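Worksheet: the structure to be examined is printed underneath.
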Amino acid sequence: MNRSLLGLFAIAAAAFWQGPAEAQSAKPRTPGEIAAASQVLIVKNEACRRQAREQKLGFFKRRLFMHRCLHPRS
């Protein structure tokens with residue numbers, strides 16, 4: 001019984017530690033990739049800023065909204 005429980009824990013731990021590492025995308029390395037990634041961030045930031053402006057949020061609520069918009073939890 002202890003071996004099966006230990007084996008199950010080992011499998012779960014391995015899946016947990018490997019999951020987030022595989023989910024991360026590779027960092028851009030060339031100037032063209034960096035520029036493209038930067039442009040994507042600019043567009044996303046502007047879309048979130050427009051949504052916050054349409055909702056007429058105050059300073060702190062706007063900052064929280066921007067953070068949640070740019071960094072959604074899975």
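Some notes on this structure:
- Among 29-37, 62-70, the order from most to least packed when residues are scored by Cβ within 10 Å on average: 62-70, 29-37
- With a simple spin-label model that places each label point 7 Å from the Cα along the Cα-to-Cβ direction, the separation between Ile34 and Lys61 comes to 3.9 nm.
Bear in mind that the values in this text are calculations on the coordinates, not laboratory data. All values reported here derive from a predicted model rather than from experimental measurement. FYI the Cβ positions are ideal-geometry reconstructions off the backbone, even for glycines, and counts take in every protein chain you see.
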